[in-house]
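The values are calculated or read from the model by the stated rules, or taken from the named source; none is laboratory data. In this text, all values refer to a predicted model and were calculated from it rather than measured experimentally. All Cβ positions, even for glycine, are placed from backbone atoms using ideal geometry, and neighbour counts span all protein chains on display. These area figures cover heavy atoms from the full protein model, side chains too; ligands, DNA and RNA do not enter into them. Shrake-Rupley method; radii C 1.70, N 1.55, O 1.52, S 1.80 Å.
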Amino acid sequence: MGLRPLLWNEIIAGECRKHSRRLSRSDRWLGHDGFKDRARSIARWVRFTEAGENLASNGGKDDPAGSAFHQWLTSPEHRATLEGDFHVTGIGVAKSSSGHYYFTQIFIQPMYGRSGIADFPDYRDSRKNDVFQQEIGK
């Protein structure tokens, strides 16, 4: 695809995991409902100019993650998100009691300060990490 590698962000991944768990608990497709809320939650920690989301679900596959990625590549809308002008991502996966997998990937383009460095919080700081862990429900 010729794209630059994305940076991993645990804050985004936490929101993705929460959404995938919600999908797996209901064991039905809820789609992108609540994406704006997920984006607002991420924005409390990471300032960004643009966000996108890809979702997939499947069951009974030998390679559930590969199948999800294939679904995204063959869907024009999902592929456009994969190829979008994003720099940072997080992914969440959950498996339902029936064995169905739910995948959530959120992409963002962060705001950059004058130094050219993205405005990311240091969630490794123990005080910030305690608040962050409470926010993502760990």
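Within the stretch 24-43, the set of residues being aliphatic (A, V, I, L, M) and either over 15 Å from the mean Cα position of the chain (by Cα) or open to solvent by 100 Å² or more (accessible area, probe 1.4 Å) (or both) comprises Leu30 only.
Here Phe103 fits the description: crowded, with 18+ Cβ neighbours inside 10 Å and modelled with pLDDT of 90 or more. Within the stretch 13-71, the set of residues being at positive phi and of a type in the set (D, E, K, R) comprises just one member, Asp27.
Quick check: is even one residue across the stretch 57-74 open to solvent by less than 20 Å² (accessible area, probe 1.4 Å) and closer than 21 Å to Leu3 by Cα? The answer is yes, given that some residue of the stretch 57-74 is open to solvent by less than 20 Å² (accessible area, probe 1.4 Å) and closer than 21 Å to Leu3 by Cα. Residue check: is Ile42 in contact with a strand residue (DSSP E or B) (Cβ under 6 Å, 6 or more places away or on another chain) and in contact (Cβ under 8 Å) with a residue 60 or more places away in the chain? Here the answer is no, as Ile42 does not meet what is asked. The condition of being touching a Ser or Thr at 6+ places or on another chain (Cβ under 8 Å), without any contact (Cβ under 8 Å) to a residue 60 or more places away in the chain and not small (Gly, Ala, Ser) does not hold for Asn9.
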